[in-house]
Amino acid sequence: MDNKKKFDLGTFARNNAVTIMFVVLCAVCMAFSGQSVAYVIYELFGRLSRNAFIVLALIIPIVAGMGINFAITIGAMAAQVSVLWVIEWGIGGFPGFLVAMLMTMPLAAFFGFLIGKLLNKMKGQEMIGGLILGYFANGLYQLLFLFIFGNLIPLKTPGLVIKGSTGVANTIDLTSGSGGGIKYALDGIWKTDFGTALYVVCAALAIVMVVLWLTKRIQQKKAILWIAIAAGLCLLYQIPAVAALFSMVKVPMVTFMVVGLLCLFNVAIMKTRLGQQFRAVGQNRTVANASGINVDKVRLIAIMISTVLAGWGQLMFVQNMGAFQTYGAHEQVGLYAGAAILVGGASIRKATNAQAILGCILFHLLFIVAPPAAKFLFGDAAIGEYFRVFISYGVIAAALVMHAWSGIQKKKKQG
């Protein structure tokens with residue numbers, strides 16, 4: 001019994017080594033950062049609202065056996081092209097955000113189609129292919145924004161063009177334009193304090209559980225358990241010390257609802273025939289092909305969905321920031337999203353909503369506490385900046401090494 005328990009513990013530690021390492025790093029940096037817990041939670045909610053959607057966009061290609069889709073950078077480029085035209089046309093607020101979403105969808109889908117076609121020629125090398133594609137597309141993007149926009153295609157909105165030159169300005173202000181821009185177009189619809197948000201979410205959860213139980217989709221015990229958890233969270237929040245931790249937080253309800261809808265979409269699509277095909281192709285392409293599945297088509301659809309979702313995620317990011325660096329805002333999207341999902345315990349073959357959200361929390365928590373901790377320990381906050389960039393690449397490298405090692409072990413067992 002003891003040996004079995006130790007073996008299980010060792011297996012758990014091996015399978016979640018990256019996640020455990022990040023928990024420890026976050027705890028250590030938090031202890032030396034000198035920041036209050038309330039402030040860290042406030043910053044964390046802000047980062048989650050603008051980054052979680054993009055991280056969740058990586059799940060479907062991973063399930064389909066294509067690894068981390070670093071080509072989501074191209075989806076982000078499509079979103080930034082759409083934002084430029086929304087500002088130029090003077091469509092502000094939520095209508096402008098919707099127009100940007102509608103424009104991003106065909107652009108990102110077309111780019112995703114081209115990406116998928118190429119990656120189908122590079123089976124087994126999809127991640128490096130997606131990474132190189134991102135660099136190649138960035139060159140075309142620079143040409144578009146530096147030469148074509150503002151030169152061959154004139155832009156009339158003040159501030160969009162580089163003064164005394166041609167091309168788009170280095171920073172696009174989302175409050176500019178005759179329509180007032182799209183800053184906080186989604187976040188500003190319904191923003192409330194954490195307590196109200198908690199009560200709304202818990203009430204909605206209780207209602208959903210009752211409906212599912214009455215329609216016999218879940219067992220009574222499971223429904224009661226979730227309702228009890230919701231009630232427990234509400235009671236826990238009544239403790240003054242707990243409420244004080246969230247006193248600074250303002251929750252953008254609609255933004256988190258959209259993130260929740262993507263989580264539901266990821267779950268729902270996996271229960272469809274297409275989702276089963278994603279899993280079959282991800283587990284074994286040869287067997288999937290022998291069973292009559294069009295492997296290339298399934299992989300193509302996975303990349304197209306991921307690229308469109310990444311584009312929408314970038315729209316959520318920039319509207320939250322209120323401005324973005326024209327020539328650099330998209331460059332680290334794939335790296336940071338890929339590192340975040342791996343931190344949550346995902347691998348390049350398996351990923352879930354829970355792993356994506358957990359990874360987003362831990363990864364961005366380290367972003368918040370690392371610089372002040374480095375300043376306290378070494379007298380220079382820049383060390384924390386270098387450290388977190390090193391960690392971003394290191395996590396991806398560790399995931400690739402672990403994948404290669406597991407593949408070798410599997411071959412040894414089969415041999």
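The values are calculated or read from the model by the stated rules, or taken from the named source; none is laboratory data. Owing to the predicted nature of the structure, the values given are computational and were not obtained by experimental measurement. Here the Cβ positions follow ideal geometry from the backbone for every residue, glycine too, while neighbour counts run over all protein chains shown. The area values use the complete protein model at the heavy-atom level, side chains included, leaving out ligands, DNA and RNA. Shrake-Rupley method; radii C 1.70, N 1.55, O 1.52, S 1.80 Å.
Okay, here's what the table says:
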{"item": "Difference of contour (0.36 nm per residue) and Cα-Cα distance, TYR199 to ARG217", "result": "4.0 nm"}
{"item": "Modelled FRET efficiency - R0 45 Å, LYS297 with ILE153, Cβ distances, 0.05 increments", "result": "0.80"}
{"item": "Inter-site label distance for LEU102 and ALA17 at 7 Å from Cα along Cβ, in nm", "result": "5.1 nm"}
{"item": "Virtual spin-label span in nm between GLN125 and LYS191, 7 Å along Cα→Cβ", "result": "4.7 nm"}
{"item": "Sites GLN276 and ALA109, calculated FRET efficiency, Cβ-Cβ separation with R0 25 Å, nearest 0.05", "result": "0.65"}
{"item": "Average Cα contact separation per residue, segment 112-260, under 8 Å, 6 or more apart, as relative contact order %", "result": "20 percent"}
{"item": "Span from the segment 270-334 Cα centroid across to the segment 195-253 one, whole angstrom", "result": "31 Å"}
{"item": "Whole-percent carbon and sulfur share, accessible surface of the chain, 1.4 Å", "result": "68 percent"}
{"item": "Relative contact order of segment 125-181, defined on C-alpha pairs under 8 angstrom at six or more residues apart (%)", "result": "23 percent"}
{"item": "Charge dipole of segment 291-387 about the Cα centre (unit charges at C-beta), most positive-ward option of PRO372, LEU335, ALA356", "result": "ALA356"}
{"item": "Residue-count net charge about GLN325 - beta-carbon cut-off 14 Å; Lys, Arg +1, Asp, Glu -1", "result": "-2"}
{"item": "Efficiency of FRET between LEU225 and LEU9 - r from beta-carbon atoms, R0 35 angstrom, step 0.05", "result": "0.85"}
{"item": "Expected 222 nm ellipticity per residue - DSSP helices of 4 or more, -39500 (n - 2.57), all of the chain, to 500", "result": "-24000 deg cm²/dmol"}
{"item": "Of (1) 70, 55, 42; (2) 76, 60, 56; (3) 70, 50, 46, the label for Cα extents along the principal axes in Å derived from the coordinates", "result": "(2)"}
{"item": "Surrounding net charge for THR352, when Lys and Arg each add one and Asp and Glu each subtract one, Cβ distance under 15 Å", "result": "+4"}
{"item": "Where the chain is the region considered: accessible area per residue in Å², 1.4 Å probe", "result": "50 Å²"}
{"item": "GLU385 accessible area, 1.4 Å probe, all protein chains in place, Å² to nearest 10", "result": "70 Å²"}
{"item": "The chain - percent relative contact order, Cα under 8 Å, separation 6 or more", "result": "33 percent"}
{"item": "Dipole moment magnitude, nearest 20 debye, the chain about Cα centre, only Lys, Arg, Asp, Glu C-beta charged", "result": "1760 debye"}
{"item": "Across LYS183/LYS271; LYS297/LYS350; LYS121/LYS350; LYS183/LYS350, pairs whose alpha-carbon gap is larger than 31 Å", "result": "LYS183/LYS271; LYS183/LYS350"}
{"item": "Two-site label geometry, VAL401 and ARG349: point separation in nm, points 7 Å out along Cα→Cβ", "result": "1.9 nm"}
{"item": "Cα-based reach from LYS123 at 15 Å (exclusive), listing aspartates and glutamates while leaving out same-chain residues under 8 positions away", "result": "ASP296"}
{"item": "Gained length - MET257 relative to VAL242, 0.36 nm times residue gap less alpha-carbon distance", "result": "3.0 nm"}
{"item": "Leading residue at positive end of dipole, the chain (Cβ point charges), from PRO106, VAL23, VAL281", "result": "VAL281"}
